[in-house]
Amino acid sequence: MKKRASFMMIISICCSILAGGCGKKMTTEDAPVYIQAVLDSRYRSDYNAYMEYRKCTEEEAAQLHEHGLNSVLSLIKIADTSVSSELKDQYRELFEGLHNICKYTVGAAEEDGDGFTVDVTVQPFSMFDGIDQSLIDVLHTEDAMEMTTDEQLYQLIYEEMYNLISPRLSVPEYGSPETVILHIQPDENKVQTVSDEDLNALDAMIYASLL
């Protein structure tokens, strides 16, 4: 058992080295390249740059995209409801489309202790204005008043929100540019990594008019 544990520890160390880009130390020139690769994976399903930078597989890179989708679905709180699995799948596809048309620009990096900060400028979606009032109006309809369970109400509200959002993908509108600072710091394996909190904050800014 001890030999097995030692072997697994060696494998873990090797994987950490590979994930860090074969041991290459990140520089202020590398940091924006890394952030661009992360965002393209998260929003565009474009994994090539991330795979090259991290020396990882497409399956590993795809986890960034899946994690990003899960994060946004958590923001709109559909993941924790009892709506139908079909509707949840529709929302997943919906946000795949929204991710593909979101706008972001990666700026320069600055050193920050053991890591870096990188400015990312986004243009938040603005075509969701008015959806909240439309959903409030739905709650006052006769159909909503006759519902007796939370499950029925959640299904109604999320179906209506889906119907309101979907047509707007073909005519996206954007607000004024805003800047988020992303932080890159060594993780527990000493691999320079952008924080999930920062990426979630970026999601929240992009979709602010929907939240």
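Dipole of the chain computed with +1 at Lys/Arg Cβ and -1 at Asp/Glu Cβ about the Cα centre; of S84, T28, N200, farthest Cα towards the positive end is T28. Label positions at A108 and R92, each projected 7 Å from the Cα along the C-beta direction, are separated by 4.2 nm. Distance between the modelled labels on T28 and I136, one decimal in nanometres: 4.9 nm (7 Å Cα→Cβ projection). The label-point distance for T149 and H67, in a model that sets each label 7 Å from Cα toward Cβ, rounds to 3.6 nm.
Report the local net charge at A61: Lys and Arg +1, Asp and Glu -1, summed over other residues whose C-beta lies under 15 Å from its C-beta.
-3
Compute the angle between helix 2-19 and the longest alpha-carbon principal axis of the chain, please, reported from 0 to 90 degrees and rounded to the nearest 10. Compared with the principal axis, the helix lies near 80 degrees.
Apply the a/c threshold of 1.5 to the C-alpha gyration tensor of the chain and tell me whether it is rounded, prolate or oblate. Judged from the Cα gyration tensor, the chain comes out prolate (a/c at least 1.5, a/b above b/c).
Find out how many positive minus negative residues lie around D129, taking Lys and Arg as positive, Asp and Glu as negative, among other residues whose Cβ is under 12 Å from that of D129.
Working: positive: R168; negative: D132, E173.
Within the 12 Å Cβ shell, the charges total -1.
Quote the charge dipole size of the stretch 71-211 about the Cα centre in Debye, to the nearest 20; the model charges only the Cβ of Lys and Arg (+1) and of Asp and Glu (-1). Let's see the in-between values first.
Working: 6 positive and 28 negative charges, 76 e Å.
Around 360 debye, computed over the stretch 71-211.
The charge dipole of the stretch 80-122, taken about the Cα centre with unit charges on the Cβ atoms of Lys, Arg (+1) and Asp, Glu (-1), comes to about 320 debye, rounded to the nearest 20.
For the chain, the longest principal axis of the alpha carbon atoms and the long axis of helix 85-101 meet at an angle near 60°. Placing unit charges on the Cβ atoms of the charged side chains and taking the dipole of the chain about its Cα centre, the candidate lying farthest along the positive direction among I181, A109, S170 is A109.
Readers should treat all values here as calculations from the given coordinates under stated rules, not as data from a laboratory. Keep in mind it's a predicted model, so treat the numbers as computed, not measured. Don't worry about glycine lacking a Cβ; one is built from the backbone with ideal geometry, like all the others, and counts go over all protein chains shown.
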